[in-house]
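Written below as structure tokens is the structure these notes are about.
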């Protein structure tokens, strides 16, 4: 169905996942995945972190990143409920891929070369759910973030011959 005049300006802005330890998650998403922290908002008992890929070659100031976070696509919001990082009884969050809690499945990032990206992830000690050599779909991979959320690694173009 074609977009209507009423929905022509709509865009997918962000998705949110809960994280146990923001220091660990922020390091993973910025240093391993390569996202940029757009903003951080502390609300007392929880903090929100907004991340996205910086396609401006570093041209945006911190103020511009914060002001435009709802005007761009592909933003990841990490929500940290304070205290989970130091609570030994905290069992973590459901990643959505097993019962109970099946529902949410994964996020995905696009890379130029899946094999090269996965070699880098391996060197950095990232856990895999599926390597490109596993299974029938050899053009994709799944890695796990520190909280066990699945991240699909996909090429910019896929041909199904």
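The values are calculated or read from the model by the stated rules, or taken from the named source; none is laboratory data. It should be emphasised that the depicted structure is a prediction, and the values quoted were computed from it without experimental measurement. Note that each Cβ is placed from the backbone with ideal geometry, even for glycine, and that neighbours are counted across all protein chains shown.
Yes or no, residue by residue, for (1) in a strand (DSSP E or B); (2) surrounded by 13 or more Cβ atoms within 10 Å (Cβ to Cβ); (3) touching a residue at least 12 places away in the same chain (Cβ under 8 Å); (4) not assigned by TED's automatic domain parsing to the domain that holds residue 24:
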{"residue": "94", "(1), (2), (3), (4)": "no, yes, no, yes"}
{"residue": "98", "(1), (2), (3), (4)": "no, no, no, yes"}
{"residue": "110", "(1), (2), (3), (4)": "yes, yes, yes, yes"}
{"residue": "116", "(1), (2), (3), (4)": "no, no, no, yes"}
{"residue": "121", "(1), (2), (3), (4)": "no, yes, yes, yes"}
{"residue": "136", "(1), (2), (3), (4)": "no, no, no, yes"}
{"residue": "139", "(1), (2), (3), (4)": "no, yes, yes, yes"}
{"residue": "143", "(1), (2), (3), (4)": "yes, yes, yes, yes"}
{"residue": "146", "(1), (2), (3), (4)": "no, yes, yes, yes"}
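All conditions but one from (1) over 26 Å from residue 126 (Cα atoms); (2) in a helix (DSSP H, G or I) apply to residue 85; the one that does not is (1). Counting only residues that are over 17 Å from residue 148 (Cβ atoms) and free of Cβ contacts under 8 Å to residues at least 40 places away in the same chain, how many does the range 75-92 have? The number of residues fulfilling the criteria is 5. The one condition from (1) over 18 Å from residue 125 (Cβ atoms); (2) touching a helix residue (DSSP H, G or I) at 6+ places or on another chain (Cβ under 9 Å) that residue 16 does not meet is (2).
Inspect the range 27-42 for any residue being out of contact with any helix residue (DSSP H, G or I) (no Cβ under 7 Å at 6 or more places or on another chain), part of a loop (DSSP other than H, G, I, E, B), loosely packed, with under 11 Cβ neighbours inside 10 Å and at negative phi and give the result as yes or no. For the range 27-42, residues out of contact with any helix residue (DSSP H, G or I) (no Cβ under 7 Å at 6 or more places or on another chain), part of a loop (DSSP other than H, G, I, E, B), loosely packed, with under 11 Cβ neighbours inside 10 Å and at negative phi: absent.
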